[in-house]
1. Please find, within region 206-237, the residue that is nearest to Trp165 (Cα to Cα) out of those that are in a loop (DSSP other than H, G, I, E, B) and more than 15 Å from the chain's Cα centre (by Cα).
2. For a quick check of your reading of the model, give me the residue pairs whose first member lies in region 78-97 and is touching a residue at least 24 places away in the same chain (Cβ under 8 Å), whose second is surrounded by fewer than 14 Cβ atoms within 10 Å (Cβ to Cβ) and not in a strand (DSSP E or B), with beta-carbon atoms closer than 8 Å and at least 6 apart or on different chains.
3. Condition first: acidic (Asp, Glu) and under 30 Å from Thr58 (Cβ atoms). Can you find one or more residues in region 224-234 that meet it?
4. Would you please list the contacts, defined by Cβ atoms under 6 Å and residues six or more apart or on different chains, that run from a residue in region 231-256 that is under 30 Å from Leu31 (Cα atoms) to a residue that is of a type in the set (Asp, Glu)?
5. From the residues in region 159-205 that are of a type in the set (Val, Ile, Thr), touching a residue at least 24 places away in the same chain (Cβ under 8 Å) and in a strand (DSSP E or B), which one is surrounded by the fewest Cβ atoms within 10 Å (Cβ to Cβ)?
6. Just to check your reading of the model, which residue among Phe120, Phe88, Phe128, Phe109 is at pLDDT below 95 and either crowded, with 17+ Cβ neighbours inside 10 Å or closer than 23 Å to Asp206 by Cβ (or both)?
7. Return the pairs, sorted by first residue and then second, in which the second residue is small (Gly, Ala, Ser) and at pLDDT 95 or above, the first residue lies in region 39-59 and is within 18 Å of Val253 (Cα to Cα) and loosely packed, with under 15 Cβ neighbours inside 10 Å, the beta carbons are less than 8 Å apart, and the residues are 6+ apart or on different chains.
8. Is it true that some residue in region 231-238 is of a type in the set (D, E, K, R) and at pLDDT 95 or above?
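The values are calculated or read from the model by the stated rules, or taken from the named source; none is laboratory data. Everything numeric here is computed off the predicted structure, so don't read it as measured data. Neighbour counts run over all protein chains shown; Cβ positions are idealised from the backbone, glycine included.
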Amino acid sequence: MKKFITSIAILLLSLTSLFAQDKKGPSAEELTKANNPLADLVAFNIQHYARPALNETTGGAANSTWMRFAMPTGRVLWRLSAPLETRFINNETTNFSKSGLGDIDLTAFYLGVMKPKITFGFGPSASFNTASDAALGSGKNTLGAAAVVYAIASPQFQYGGLVTWRTDIGGDPSRDGVNLLAVQPFYFWQLGKGLYFRGAPIMAFDMETGNYAVPIGLGVGKVVKLDKTVLNFFVEPQPSVIVHGAGQPTFQVYGGLNMQF
């Protein structure tokens, strides 16, 4: 965990130095679009969650690396996400470790509002039973809906939120049912020269088991431009202020690279 945080911090500092001579940099519009999940641009994101502490699980930890691809087609924005998952427990009674592909998901947002200062989209959201091991996925195919809004209050402050709900529609009959609600507020403060403060914690509620985790997030990011590609690097610690149920993260670090083309 310390190595991960240190590596991201060094990367951000290196990027700041590397692009310091680029006086032009991203435009004001590109800076506000860099964190817009509904931006009308092709995007590819690599996002990592490091979870070194799990509730009621001695010696337990988990990591998720998500690769997300987004493409607009008219007023519909498609987002395909594939996770690489790691789960392990190491204590006096258990020595367990699994790594591999998790459950792939696909969401199609219809862009109902596309104004300069506010964007709103909604549509179906599904996940598929693609996990390479039972410990890395739900064992179910799921279907539900998602809605997201992104608002530009000013060139310095942007905010919004994403709500996703899914329930199982098939899969392994021996596995528990799925009924998940995820609420993700996000907020960004532009500090100038592409540097910004940020928060985008996902509050997850398992309505099948009653388990939940409610983290808060405050991190830092840096937006730079390389030719015509906008690169958005960030790291964000997320402690859970409310948590219930075994295996829920009590602390995690969210970091990644978002690219818009």
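1. Applying the first criterion (in a loop (DSSP other than H, G, I, E, B)) to region 206-237 yields 207-211, 216-218, 227-228.
With the extra rule that they be more than 15 Å from the chain's Cα centre (by Cα), the set shrinks to 207-211, 227-228.
On the way: Met207: 10, Glu208: 12, Thr209: 15, Gly210: 15, Asn211: 15, Asp227: 38, Lys228: 35 Å.
Among them, the one singled out is Met207.
2. From region 78-97, the pairs are Ile89/Thr58; Asn91/Thr58.
3. If we filter region 224-234 for residues that are acidic (Asp, Glu), which is where we start, we get 227.
From what is left, the residues that are under 30 Å from Thr58 (Cβ atoms) are none.
No, region 224-234 contains no residue that is acidic (Asp, Glu) and under 30 Å from Thr58 (Cβ atoms).
4. Tyr254/Glu236
5. Narrowing region 159-205 to residues of a type in the set (Val, Ile, Thr): 163-164, 167, 169, 178, 183, 202.
With the extra rule that they be touching a residue at least 24 places away in the same chain (Cβ under 8 Å), the set shrinks to 164, 167, 169, 178.
With in a strand (DSSP E or B) added as a condition, the list becomes 164, 167, 169.
Details: Thr164: 20, Thr167: 15, Ile169: 12.
Filtering region 159-205 for residues that are of a type in the set (Val, Ile, Thr), touching a residue at least 24 places away in the same chain (Cβ under 8 Å) and in a strand (DSSP E or B), the one surrounded by the fewest Cβ atoms within 10 Å (Cβ to Cβ) comes out as Ile169.
6. Numbers: Phe120 fails: at pLDDT below 95; Phe128 fails: at pLDDT below 95; Phe109 fails: at pLDDT below 95.
So the residue among Phe120, Phe88, Phe128, Phe109 that is at pLDDT below 95 and either crowded, with 17+ Cβ neighbours inside 10 Å or closer than 23 Å to Asp206 by Cβ (or both) is Phe88.
7. Partner pairs satisfying both residue conditions: Ile46/Gly256.
8. Looking only at region 231-238, we keep the residues that are of a type in the set (D, E, K, R), and these are 236.
After this cut, where a residue has to be at pLDDT 95 or above as well, the list is 236.
For region 231-238, residues of a type in the set (D, E, K, R) and at pLDDT 95 or above: present.
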